[in-house]
Amino acid sequence: MWICAFGLGWQFVFQPVFVWAIAVSGADIVIPVIPTEGLMTLTLSLLGLGAARSVEKFKGVARENMRKSK
């Protein structure tokens, strides 16, 4: 999940700022571009699973078998 967040943050926030800063400074540096197709698929899948789990908990049908036994 954090890798997806970092990748999307880089692609849509930090990379454009760095490209702008490099263009203003006049340097000739190539900034890497991350292909976002896989990131978006994984991120949306994780969000869907989280939403499904929240709905299960809200309805009271969530299993609690992952807790430590005493």
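The values are calculated or read from the model by the stated rules, or taken from the named source; none is laboratory data. Keep in mind the model is a prediction, meaning the values are calculated, not measured. Cβ: placed from backbone, ideal geometry, glycine included. Neighbour counts: every protein chain shown.
Pick from Leu8, Leu46: which is closer than 27 Å to Ala62 by Cα and either surrounded by fewer than 11 Cβ atoms within 10 Å (Cβ to Cβ) or among the aliphatic types (A, V, I, L, M) (or both)? None of the others qualify; the one that does is Leu46. For segment 6-25, a residue qualifies if it is in contact (Cβ under 8 Å) with a residue 12 or more places away in the chain and among the aliphatic types (A, V, I, L, M), and the qualifying residues are Leu8, Val19.
Working only within segment 30-46, note down all residues that are part of a loop (DSSP other than H, G, I, E, B) and hydrophobic (A, V, I, L, M, F, W, C).
Here is the first cut: in segment 30-46, the residues part of a loop (DSSP other than H, G, I, E, B) are 30-35.
Across segment 30-46, the qualifying residues are Val30, Ile31, Val33, Ile34.
Against the conditions (1) surrounded by fewer than 10 Cβ atoms within 10 Å (Cβ to Cβ); (2) under 27 Å from Val17 (Cα atoms); (3) modelled with pLDDT of 85 or more, Pro35 satisfies every one except (3).
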